[in-house]
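Asks: The structure under discussion is supplied below as structure tokens; questions concerning it will follow.
Where a number appears in this text, it was derived from the coordinates with a stated rule and is not lab data. It should be emphasised that the depicted structure is a prediction, and the values quoted were computed from it without experimental measurement. Note that each Cβ is placed from the backbone with ideal geometry, even for glycine, and that neighbours are counted across all protein chains shown.
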Amino acid sequence: MRHGLRLAPGFAFSGLAFAALAVAASGPARADGTVFRAQGCGDKIFVTSSTGYSILSGIGGTGVADKDELVGTVDGLGHTQLYDRTKGFNFSAEIEERRLSQQDVLPRVAITCRGENANALTSGSVARADGCGNRIFVETPQGYAILDRLAGGMIGKDDQVSGDFNKPGRATVKDKQTGSELTVFVEDFMLSRAAANRKMTALCNAAR
């Protein structure tokens, strides 16, 4: 007895048809990812992929660093095997949460990773302040921060500032140009340029 697919008389498989069957049989495509944050987060690894953000608990993932490229499924649930293409090693991880938005994941990063950097200062350049009410947009190496000025002096575009505005809540900012200090509330941080521009459009007037 012959097993397999029953073909209509005269039907022949082409190489293209076999390729299509192979793709169909391979199941859902995996979602590779890029490490959004790992430094200072213990065994937690925050990964971004085409489907959103995932939170992984690394097993043998010591050495994984921010911006490393990961090959393997990062948007499933449970155990996964990954390859760190940047560093060149394999490791296992448990996917704890998946398909999170940036708004969902940033508070988790702040809570999980603050242990090693809660007292660290960050610095950056004021990207926008005029026409934004009390809002101040600061560009930092980690992304953009949106600060709501609560007290203190004025601040201008391109001023260089530093402070503990790398986590949610109240923070103190020092303006290097004037030497003045401001008390602010950190509304958001680690935003991409596109996300910051959308916030500027929503919160600031058209005049720059």
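Asks: Compute the FRET efficiency between THR112 and THR34 as 1/(1 + (r/R0)^6), taking r as their Cβ-Cβ distance and R0 = 25 Å, and round to the nearest 0.05. Spell out each step's value before the answer.
Replies: Values: r = 18 Å, r/R0 = 0.72.
Plugging the Cβ-Cβ distance into 1/(1 + (r/R0)^6) gives 0.90.
Asks: Something else: Taking N as the number of residues in the stretch 122-203, what value does Rg over Cα atoms divided by 2.2 N^0.38 Å take?
Replies: Values: Rg = 11.0 Å, N = 82, 2.2 N^0.38 = 11.7 Å.
For the stretch 122-203, the normalised Cα radius of gyration comes out at 0.94.
Asks: Out of all Cα-Cα pairs in the stretch 33-117, roughly what percent, to the nearest whole number, are more than 22 Å apart? Each step should come with its number before you reach the end.
Replies: On the way: 466 of 3570 pairs.
Looking at the stretch 33-117, the distances longer than 22 Å represent 13 percent of pairs.
Asks: Can I ask one more? Which lysines have a Cα less than 18 Å from the Cα of LYS87, not counting those fewer than 8 places away in the same chain?
Replies: LYS44, LYS67
Asks: What spacing in nm lies between the two simple spin-label points modelled at GLN81 and GLN103, each 7 Å away from Cα in the Cβ direction?
Replies: 3.9 nm
Asks: If R0 is 25 Å, what FRET efficiency do you get for ALA65 and ALA194 from their C-beta distance, rounded to 0.05? Don't skip to the answer; put the middle values down first.
Replies: On the way: r = 24 Å, r/R0 = 0.96.
E between ALA65 and ALA194, to the nearest 0.05, is 0.55.
Asks: While we're here: After finding the eigenvalues of the alpha carbon gyration tensor for the stretch 58-208, what semi-axes result from the square roots of 5 times each, listed largest first in whole Å?
Replies: Equivalent ellipsoid of the stretch 58-208: 35, 16, 13 Å, largest first.
Asks: Can you tell me how much longer the chain between THR178 and THR51 gets when fully stretched, taken as 0.36 nm per residue apart minus their C-alpha distance, in nm with one decimal?
Replies: 41.3 nm
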